[in-house]
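Report on the structure given below.
Bear in mind that the values in this text are calculations on the coordinates, not laboratory data. No experiment lies behind these values; they were computed from the predicted model shown. FYI the Cβ positions are ideal-geometry reconstructions off the backbone, even for glycines, and counts take in every protein chain you see.
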Amino acid sequence: MSKFCTSCGASLDDNATFCTACGAKLAAPVAAAQAPAQEATANAEGTPIDALKDKTVNAFNSFKNNPNRNTILGIAAIAVLVIILIVVVVNLFTGGYKGALKDYFGSIEDKDGKAYAQSTMSGDMIDEMIDESGLKKDKFYDGYKAVAKSTYNKLKEDFGSGIEIDFEVTDKEKIDKDDLEDLETILAFAMEDIKISKGYDLELEVTVEGKDDDDTFDAVATVLKVDGDWIVMNLSVEDCRALNISGMDMDDLDDLGDAMDSLAGLF
């Protein structure tokens, strides 16, 4: 017995055409000479979504017809594979510190106040600011729409309409835990229970392109993961001040820390 069921893993006779344990139909034998090429293709291309879907359907049908231990284990293994696939796809196309930068530049391209706010503040920070201001959400985001629109118009003067902004991260330095804790302490004066779990100081190349002109600029940025949300805390674009975010970078933090230490020595 050297043949195994692909749905539940049960050991079968070489000539079996269906699984005696779970009832799943078995694929026809493939010539030995073709196996290496097919295996190489599978390794190069990965598991196709359709094949994974078919395998999942077969496993659940087998479980319905014959709910044994091997079938349950097969379904569990497929479920784990599906979860891993979802996580990989989500990480490829969304989120992360690059997602925050992309959202920031995109908010300027689209003159989108909500996207501008969400790329520079965490969800908890926004909620607290709305509560403190007494504004409705749409009015709150209108203020940031005005900022995004003003930035777009400044770029339009230099590059023409149809502004598009791209960026490339050329260097990345992780912000150490002590600096993150110091920044947490400082921001806690404005917002209670803030949690900064990760951060990077970045060097960027930012390209702005419009109908009339285009140019590439050097830039530095500080990105932080605040309460689970990645935000752009600080951005300084050399020779293109319209894109700057006047936040607090690590140099500002060090200066503020020195000032606070000096004040503490007076008491």
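Quick notes on this one:
- Among the listed pairs Lys111/Lys177; Lys139/Lys211; Lys102/Lys136; Lys156/Lys198; Lys154/Lys198; Lys102/Lys211, those whose Cα-Cα separation exceeds 30 Å are Lys111/Lys177; Lys139/Lys211; Lys156/Lys198; Lys154/Lys198.
- Close amide H pairs (under 5 Å, H built 1.01 Å from N) link Phe217 with Val206, Thr207, Val208, residues at least 5 positions away or on another chain.
- Residues in region 200-215 reached by a label modelled at Ser161 [backbone nitrogen below 18 Å; 7 Å Cα→Cβ]: 209-214
- Kirkwood-type radius of region 96-264, with distances r between different C-alpha atoms, in Å: 16.7
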